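The values are calculated or read from the model by the stated rules, or taken from the named source; none is laboratory data. No experiment lies behind these values; they were computed from the predicted model shown. Note that each Cβ is placed from the backbone with ideal geometry, even for glycine, and that neighbours are counted across all protein chains shown. Protein only, heavy atoms only, side chains kept; ligands, DNA and RNA dropped before computing areas. Shrake-Rupley method; radii C 1.70, N 1.55, O 1.52, S 1.80 Å.
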Amino acid sequence: MTTPVRDLPLLLLGSGADPASERGVDCPGELPPASDPLLVERAAAAKAALGDRVFVLGHHYQRDEVIRFADVTGDSFKLAQQAAARPDAPYVVFCGVHFMAESADILTAGHQRVILPDLGAGCSMADMATFDQVEECWDVLEDAGIADDVVPVTYMNSSADIKGFVGRHGGVVCTSSNAKRALDWAYSKGRKVLFLPDQHLGRNTAVLEMGLSLDDCVVYSPHRREGGLTQRQLQDAKMILWRGHCSVHGRFSKESVDDVRARVPGVNVLVHPECRHEVVTAADQIGSTEYIIKTIEAAEPGSSWAVGTELNLVRRLAGAHPDKNVMFLDKTVCYCSTMNRIDLPHLVWSLESLVRGEVENVIQVDEETARYARVALDQMLALP
Ligand code: SF4
């Protein structure tokens, strides 16, 4: 018997691996109480009062109560592109997490202000690679005599500092949709890749799409001396993976795939490439959030789908496609807790502040970091 998505326990365990991603950041104003029965009306009224001056972006993993006010929904890169395509809107309210708002700030015009309704909405994966750690790693690669052969590639889910580092060192940003193209480009420029910060996306792309073996990959651990690797291991590797992961997608297991196959005959298992290697190899299909959405939309009525990605999105897909049996891949995996910090009270507070002419929680990347990060982002846009 399958547990309907709506009946799953509502857990918020998502990204608790690194407290920095959930740092307590007090709202600088007065948040409306979550119990206020007029929150929906207040959000609608503030948005209407702002008109075209505000553009609200909603990441696929956001709560329904927030998504209903988004002008555009999408993954992090699509949302940053959309913000850049609306230079007439001076205020971009980004319902997502910190690194996404940074990318939007880098890609939007100078007069636009990008606002994150809760500054505590970080990302545990992005926090797993700090600028100092990556600089130290580069020193280790130099000591091993291989830095000139290494092209750094960073996943979109990284801080502006890391994108800037990658831009300064001739590398590229990638998303879960274009990781193979980014790696093709990187290997045309150098013999090795340093992949930041998600080891799973790097490994899955290298092994399943590039034909590398697991032995071609090594994992650099920023908390261990010299990454926990010998110089020989670094010299022999083709792919140097940063020890980072998504705390939400990293929780899916091979057992959850086996379990759903036993419970639901004929089920299709569809997972995000941030999942562990043994999970994606056991799945039927792998793809980005945009791919997952399109696949479910195009699926045959009556077909069954166990989806391995964030629960808000899976619940929404299940609700939008009642003619298909869409279920969560695991019984216990939960929401991304940092994404969930953006709730209706925070959105109402951000919008009403703008109506009063108070621009709060602006995300602004310093000029030099933005310039180099843009080099790496532009290189991604120029990928064949
Ligand atoms: S789902 Fe994972 S990668 Fe995305 S914001 Fe949450 S912790 Fe970060």
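Per-structure values
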read-out	value
Cα centroid separation, region 69-136 to region 169-187 (Å)	20 Å
Geometric extent, Cα atoms of region 249-328 - Rg, Dmax (angstrom)	11.4, 31
Counting all C-alpha pairs of the chain, share separated by more than 40 Å (%)	14 percent
Reach of residue 192 by Cα under 14 Å, taken over aspartates and glutamates that are not fewer than 8 positions away in the same chain	142, 148, 149, 184, 215, 216, 236
Most to least packed among 303-311, 375-383 [average Cβ atoms within 10 Å]	303-311, 375-383
Mean separation of Cα contacts under 8 Å (6+ apart) over length of region 249-328, as relative contact order %	29 percent
Translational diffusion coefficient (Stokes-Einstein; Kirkwood radius from C-alpha pairs) of region 137-239 at 20 °C, 1.002 mPa s, in µm²/s	158 µm²/s
Distance violations [Cα-Cα > 27 Å] among 254/294; 294/331; 163/238; 78/238	78/238
Computed [θ] at 222 nm, helices only, for the chain once each DSSP H run of length n ≥ 4 contributes -39500 (n - 2.57)	-11500 deg cm²/dmol
Nonlocal amide H pairs with residue 241, under 5 Å, H built at 1.01 Å	195, 218, 219, 220
Positive-end residue of 197, 174, 211, charge dipole of region 126-247 with Cβ unit charges	211
Two-site label geometry, residue 263 and residue 232: point separation in nm, points 7 Å out along Cα→Cβ	4.7 nm
Convex hull of region 262-384 built on C-alpha atoms - directionally averaged projected area, nm²	11.8 nm²
Antiparallel DSSP beta bridges within the chain, percent to nearest 5	5 percent
Dipole moment magnitude, nearest 20 debye, region 160-299 about Cα centre, only Lys, Arg, Asp, Glu C-beta charged	500 debye
Per residue value of the accessible surface for region 126-247 (all protein chains in place, 1.4 Å probe), Å²	39 Å²
Label point distance in nm, residue 49-residue 284, each placed 7 Å from Cα along Cα→Cβ	5.0 nm
Accessible carbon and sulfur surface of region 207-255 relative to its total accessible area, %, 1.4 Å	42 percent
Percent breakdown of C-alpha pair distances by 10 Å bin, ordered from the shortest bin, for region 230-269	22, 27, 23, 20, 8
